[in-house]
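A quick write-up on the structure given underneath.
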Amino acid sequence: MMEKHETDKAYEEGHPLMTDAEYDTKFGKNATAEYVNDTSAWEKMPHPDKFGGASLDKISVIVGGGFNFSELLDWSRVHYGPYCCSYKYDGISVNLIYEDGVLKHAITKGAGNLGEDILRNVLKMKNVRSVLFKPFDINLSIKAEIMIDQQTFEEVLKNRYVNARNGAGGAARAYDGENAHHCSLKYYGVVFLDELNADHDYDESGKFEMLQEMGFEHVVWKQASSITDVVNFYNDVLDKRASLGYEIDGIVVTRQTYPIPKHVENGDRPRYSVAVKLPYSEKRSRIVDIIWQNGMKGRITPVAIIEPIELSGATVSRVTLKNLDEIDRLKIAIGDEILVSRRGDVIPNIESNLTKRTESFFNFIPASCPSCGKLVSVERPYVFCRNSACSSKALGDIKTWVNTIKDHFNYRGFADKRIEQLYDSDLIKDASDLYSLTQYDLILLPGIGEAVSEDILDFAKYTEIPFSVFLTGLNIEGINHKMAKLVSERYETFGNLIESWDKKSLYLGLQRINGFGDFRALALIEGLDAKHDTWYGLLEYIEVIPDKKPKGDVLRGKKILYYRYIITA
Ligand SMILES: [Zn+2]
């Protein structure tokens, strides 16, 4: 007798033990999906972001991809015009799957590599078409961006989300679907699922005309006969950007015609279409103070406290200055007027200093460590605290990380004394260093035989870390696993938490969690801030997954394989 959990597990792992109909008969509910689940297939699906070179993995704290101008010019030497240019809206991408002209699935990229079917919410959105008229009542996939306009965001959702895109993501995926009706769709792609092998060229402007004939509100687009026209389109977008009412983060430039690629499995398609990013929007502010905070590997990092400004929907009041070279480059001092951006809409950055002085930046280097008070050591471009007691805090952090992961995965691992040994021999100075160790690193250490060495190297295999386990492992004062669970229930993904990275809204959000409290809200914010380098480093190697798979429609949270590859423009 096959158990339900075995069946579920096999299903999750992509090799179902029975058909969905059999599953229904046997276990009574769930999984009426017509799709087989397979993560790798989802990963392989072409995604418009890939054209810009952006990676879809990890969370969205990395600066978004996209060509800059000189890259566009290089591209245009290989890919001749005419071109089509269109707006690239900054929302949540969704694939609308129509079967015989009826909207059956709305697939968006969910947590990690999972696809999520958010059809139930999409049906509530403003300009969705649930049925297509003839002759389009066939099998096709429509690509769209889910958007919330700036005004609706300000009026209705500002208290809950940090910016309009964040709001669109929340509304699109929310279990209760309560804000879905605030969303609208901007359509930009159409693929005929049964005609993929057709031997004809792709027609980009024809695509937009067809979307219009189908009744879809397509994105703003224009034909461009030469690269000069593309540049004019780009400049025009820059002028209009602030008054559009929606966030756009770039333009998409596509050759007017190109051959439909036969093989899309490996993602090596020629780039017939590229995204060109718009410059980040910048605002003026003033430096109020420069503070120093302890970070990774004994480093003490300068942080500018600035007069609060609104940037991309969030209040920014502190900006990292990274290191001494950055201070030197900016010639920065307290009182200076600066231009600040939020790169990738998330991480604040000082783009330039409008005041520019000549005095030496060495005036600003602290004499003593803000954590332990011992004298610091200046080793450009960094300032270090070389006090071993101070670094024992760092060692404690690594131990907590290892032990949290060990506990969660029930993995034997290695003892604390091994961590100390690795730390003392300079192999690891931060938790993320554990993920790049090699056999070669370990072989020379006394007392580490093959078995121990394998146990240590095995640690790097545990790469899918649930949100609450991740937070617990960061060793932030007052944030034990129980408290981390509360945070994970409120924010669902680490990406959501980080996207609210503006102290005020994060504080308000955390405060609202029942049983969490003011003290912990502050401790978490300060802790994440102080340990920024650590978690940022970890994200290079691990993926933070939600604690719970989203519930809802039968397909939600399931891994989905398309029987046919979907090509998008
Ligand atoms: Zn110190």
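Bear in mind that the values in this text are calculations on the coordinates, not laboratory data. Just so it is clear, the structure is predicted and the values come from calculations on it, not from any experiment. Here the Cβ is made from the backbone with ideal geometry for all residues, glycine too, and neighbour counts use every protein chain on show.
Amide H contacts for G189 (H built 1.01 Å from N in the peptide plane; partners 5 or more residues away or on another chain; cut-off under 5 Å): K143. Given their separation in residues at 0.36 nm each and the Cα-Cα distance between them, R490 and D458 gain 8.3 nm when the chain is fully extended. Fully extending the segment from T400 to E543 would add 49.7 nm, taking 0.36 nm per residue of separation and subtracting the current Cα-Cα distance. Using a Förster distance of 56 angstrom, determine the FRET efficiency expected from the C-beta separation of E213 and L375, and round it to 0.05. The calculated FRET efficiency here is 0.15. Taking a Cβ cut-off of under 11 Å around F516, the surrounding Lys, Arg, Asp and Glu residues balance to a net charge of +3, with basic ones at +1 and acidic ones at -1. Placing a pseudo-label 7 Å from each Cα along the Cα-to-Cβ vector at R120 and E337 gives an inter-label distance of 5.3 nm. Ranking of K461, K88, K109 by neighbouring Cβ atoms within 10 Å, starting from the fewest: K461, K109, K88. What separates the Cα centres of segment 138-185 and segment 393-411 is a distance of 38 Å.
Could you tell me how far the Cα centroid of segment 469-524 sits from the Cα centroid of segment 425-448, in Å? Spelled out, the Cα-based centre of one part sits 32 Å from the other.
Each of L354, L506, L427 has some number of other Cβ atoms within 10 Å of its Cβ, and from fewest to most they run L354, L427, L506.
The charge dipole of segment 391-545, taken about its Cα centre with unit charges on the Cβ of Lys, Arg, Asp and Glu (plus for the first two, minus for the last two), comes to roughly 640 debye. The HN-Hα couplings worked out from phi for segment 219-232 by the Karplus form 6.51 cos²θ - 1.76 cosθ + 1.60 (θ = phi - 60°) are 5, 5, 9, 7, 7, 9, 7, 9, 5, 5, 5, 4, 4, 5 Hz, whole numbers, x standing for Gly and Pro. Each of N159 and S226 was given a label point 7 Å from its Cα along the Cα-to-Cβ line. The distance between the two points is 5.6 nm. Extension gain, N480 to R386, is 30.9 nm, computed as 0.36 nm per intervening residue step minus the present C-alpha separation. Set the bar at 19 Å for Cα to Cα. Now go through K406/K482; K207/K277; K124/K240 and name every pair that lies beyond it. From K406/K482; K207/K277; K124/K240, over 19 Å: K207/K277; K124/K240.
Between I513 and T257, the modelled labels are 5.7 nm apart [label points 7 Å from Cα along Cα→Cβ].
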